[in-house]
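All remarks here apply to the structure that follows.
The values are calculated or read from the model by the stated rules, or taken from the named source; none is laboratory data. Here the structure is a predicted model, which is why all the values come from computation and not from measurement. Glycine gets a Cβ as well: all are built from the backbone with ideal geometry, and neighbour counts include every protein chain shown.
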Amino acid sequence: MLPGSKSLTNRALILAALGRDPVTLTGALFSVDTRLMAAALRKLGCTVDSDAENSTLRVSGQENLFKSEEPISLFVGLAGTAARFLTAFCAAAPRGVYLIDGVTQMRHRPMAELINALRALGADVRCTKQEGFFPLEVHARGLQGGQINLDASASSQLLSALLMVAPLAAAPIDIQLVDPVRWTFVELTRRIMGEFGYQMPPAAAGLFKLSPGAYHPAKTYAIEPDATAASYWQMLPHVVGGNLTFPGLRAPGVGLQGDAAFVEVLQRVKSRLARTLLEENFHEISDTFLTLAAIAPLLDGPTRITGIAHTRAQETDRVAGMAIELRRLGQHVVEANDSLNITPRPLRTGQTISTYGDHRFAMSFAILGCHDLKGDGTPWLSIKEPSVCTKTFPNFFELLDTVRGKSSAA
């Protein structure tokens, strides 16, 4: 069974906290990132009841938010959604002092555009070490509104964070994008805001116009299964044969998640003529590019992956890391700022893949490792620190073992 979407779970937690009435989130993801978000909301005064066995979170007690007279410290780990969303959430608070920090890697991830945008809207956000990065100290006094320019090309989360808290401002907010952004996640944010009761029109020429308003969600909100996590399992039959079904996973354009479009990439992988170049632009669904890159050695022609420059500033430099690991396996890789060209070569056995603290490396190469390279079912590939999957898919390897066991039994 696929876990709930991390992107939707953390957005839903923030939006539920921004409302007034209790909200129950069903199908929620229980992972490191979502636990960090829930823990932060509790420290801020909200009640978040967890039922991991039934994948349910209940948010209530919103009237108790932001009441502390003492500074509150929030830890966001390496969770980009928690980091960006909570920074904006605290900046929009009417009062209080909030100290926000993460792990060392989080202190290198892009924050400057969000910080400067919040300051332009009247917030007092202080960088206590290096300007533009964590750790932060937010002296909340609400948002005043106004017009800002925003470069969210480094991460669409910078824009999503602003969009979700903009209805709390004292006056309308206009956000003009100055560089391209990953629209799939922006549209996801706009649509889930609508499902929580705040209707925002689509942007015209990159201009978002938001008026003061309120969230009025239904008592229950269902989280979709994670489309990004689905990409590994959608690739698995291509590697080992057989078929898998995905109950509850919505088709591209039907659900909220842009990464559902990975199935279209997979269709092109299957229909490509032998030895011809497969070229895919992953700008809009870049969290799934590692899924294709990791199994590129099994394809009978070269693969070119583009639109991935911004992934160099995610949990790790995903472009460089993927190039290193594929070369470790004997592949010919040409790395550029925004692309990888992968030409299959015979795979080397006995290698250990580094994960760089990044869950997507572990899961992507796990699918490659399912390939019966020796022809006798014996392992040929090791993965260092598989526990990094707890960030978004805590039982990934247990589920993979279960699927393998059922397949062997069949």
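For the reader, a short list of remarks on this structure follows.
- Count of the range 294-339 residues which are assigned to a strand (DSSP E or B) and within 21 Å of the chain's Cα centre (by Cα): 3
- Filter pass, MET193 being under 24 Å from GLN62 (Cβ atoms) and in contact (Cβ under 8 Å) with a residue 60 or more places away in the chain: yes
- Subset of the range 147-162 that is surrounded by fewer than 23 Cβ atoms within 10 Å (Cβ to Cβ) and hydrophobic (A, V, I, L, M, F, W, C) - its residue that is farthest from LEU86 (Cα to Cα): ILE148
- On inspection, VAL103 does not qualify as over 19 Å from ASP174 (Cα atoms) and either more than 19 Å from the chain's Cα centre (by Cα) or among the basic types (Lys, Arg) (or both).
Let's see how each residue does on (1) more than 23 Å from SER31 (Cβ to Cβ); (2) buried (at least 16 other Cβ atoms within 10 Å of the Cβ):
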residue: HIS332; (1), (2): yes, no
residue: ARG345; (1), (2): yes, no
residue: SER354; (1), (2): no, yes
residue: ASP358; (1), (2): no, yes
residue: SER364; (1), (2): no, yes
residue: ASP376; (1), (2): yes, no
residue: SER382; (1), (2): yes, no
residue: GLU385; (1), (2): no, no
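Listed here are the residues, each with its yes/no results for (1) surrounded by 21 or more Cβ atoms within 10 Å (Cβ to Cβ); (2) within 30 Å of LEU298 (Cβ to Cβ); (3) at pLDDT 95 or above.
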position: GLY197; (1), (2), (3): no, no, yes
position: ALA205; (1), (2), (3): no, no, no
position: SER211; (1), (2), (3): no, no, yes
position: VAL240; (1), (2), (3): no, yes, no
position: LEU244; (1), (2), (3): no, yes, no
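- Here ILE148 meets the list (1) part of a loop (DSSP other than H, G, I, E, B); (2) of a type in the set (A, V, I, L, M); (3) more than 24 Å from the chain's Cα centre (by Cα) almost entirely, failing just condition (1).
- Single unsatisfied condition, ASP287 versus (1) outside the structural domain of GLY369 (by TED's automatic domain parsing); (2) within 22 Å of GLN157 (Cα to Cα): (1)
- So THR378, is it in a loop (DSSP other than H, G, I, E, B), touching a residue at least 24 places away in the same chain (Cβ under 8 Å) and either β-branched (Val, Ile, Thr) or closer than 20 Å to HIS108 by Cβ (or both): no
- Contact map, the range 61-85: residues that are assigned by TED's automatic domain parsing to the domain that holds ALA39 and in contact (Cβ under 8 Å) with a residue 40 or more places away in the chain paired with residues that are basic (Lys, Arg) and buried (at least 19 other Cβ atoms within 10 Å of the Cβ), Cβ distance under 8 Å, separation 6+ or inter-chain. Pairs shown: LEU78/LYS391; ALA79/LYS391; GLY80/ARG109; THR81/LYS6; THR81/ARG11; ALA83/ARG109; PHE85/ARG11.
- Residue within the range 67-87 that is in a loop (DSSP other than H, G, I, E, B) and closer than 19 Å to TYR215 by Cβ present: no
- TYR221 passes every criterion in (1) of a type in the set (Phe, Trp, Tyr); (2) assigned by TED's automatic domain parsing to the domain that holds LEU368; (3) part of a strand (DSSP E or B) apart from (2).
- GLU264 closer than 30 Å to PHE133 by Cβ and either acidic (Asp, Glu) or in the same structural domain as LEU78 (by TED's automatic domain parsing) (or both): no
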